[in-house]
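Below you'll find the structure, written out as structure tokens, and then a few comments.
The values are calculated or read from the model by the stated rules, or taken from the named source; none is laboratory data. No experiment lies behind these values; they were computed from the predicted model shown. In this analysis, Cβ positions are derived from the backbone assuming ideal geometry, glycine residues included, and neighbour counts consider all displayed protein chains. Note: areas computed on protein heavy atoms with side chains; ligands, DNA, RNA excluded. Shrake-Rupley method; radii C 1.70, N 1.55, O 1.52, S 1.80 Å.
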Amino acid sequence: MTAQARTSDRKARERIVDAAQKLFAAHGYAATATAKVAAEAGVPTGSVFYYFSTKLELLLTTVRERAYSGTLAVPAGATVGEVLAAAAAQLAEVFERHRDSQVIVFREAGTQPEVRAAALRLIESSTGDVARLLAAAPDAPDERSCTTMARLLVSSLLLDNFFSRDATGPVATAELLAGAR
């Protein structure tokens, strides 16, 4: 396969995932036919199954690829307050960028065990990353407090993004947690 063909393949696959994310969020997984996904993506219907063996695989790919992927970065020696502020800003940006994926997860986790499991892994991953960064701070509290602060920050970010889209919510939560330790 030529480089141009691989690029074309990647673009078609990306368009399919984009379309699936948009349609699953708007109409739900069960109500979205793969033919609609293909039409939205501008590809033949069979192309969906060229890239994804099942509609469920497409759903899971959408959830996994459009979520947090371990990208938090804070300067060495950052204090707990600085870690919380940086994590809040970075996670809020990821969650906002992929808000449709959150809609899908909240909607489908109750009926799709695979989506629920993927969502739990993603939440544990982001919470674990924040807790590790907090524990590395020079003024870090005990491990349990770091984990609790991480859970509170991640859950507040998810809820604020899903329900209110109020950027001050996560910042206020981070500030409160930094002052409460």
(request) Might you check whether a residue that is at pLDDT 90 or above and closer than 29 Å to His27 by Cα occurs anywhere in the range 125-143? (result) yes
(message) Name the residue that is modelled with the highest pLDDT, counting only residues in the range 115-124 that are out of contact with any Leu (no Cβ under 9 Å at 6 or more places or on another chain) and open to solvent by less than 90 Å² (accessible area, probe 1.4 Å).
(response) Ala117
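Kindly provide the set of residues from the range 39-68 that are assigned to a helix (DSSP H, G or I) and either at positive phi or open to solvent by 40 Å² or more (accessible area, probe 1.4 Å) (or both), ordered by number.
First, the residues of the range 39-68 that are assigned to a helix (DSSP H, G or I): 39-41, 45-51, 55-65.
Listed by number, the residues that qualify are Ala39, Glu40, Thr45, Gly46, Phe49, Tyr50, Tyr51, Lys55, Leu56, Glu57, Arg64, Glu65.
Quickly run through the range 70-94 and pick out the residues that are open to solvent by 20 Å² or more (accessible area, probe 1.4 Å) and either hydrophobic (A, V, I, L, M, F, W, C) or free of Cβ contacts under 8 Å to residues at least 24 places away in the same chain (or both).
Thr71, Leu72, Ala73, Val74, Pro75, Ala76, Ala85, Ala86, Ala89, Gln90, Ala92, Glu93
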(request) Those residues that are buried (at least 17 other Cβ atoms within 10 Å of the Cβ) and more than 18 Å from Val17 (Cβ to Cβ), I need them from the range 96-114; list them, please. (result) Ala109
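Condition check ((1) in contact (Cβ under 8 Å) with a residue 24 or more places away in the chain; (2) in contact with a helix residue (DSSP H, G or I) (Cβ under 6 Å, 6 or more places away or on another chain); (3) in a loop (DSSP other than H, G, I, E, B)) across all residues:
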| position | (1), (2), (3) |
| --- | --- |
| Val115 | yes, yes, no |
| Glu124 | no, no, no |
| Thr127 | yes, yes, no |
| Leu134 | yes, yes, no |
| Thr147 | no, yes, no |
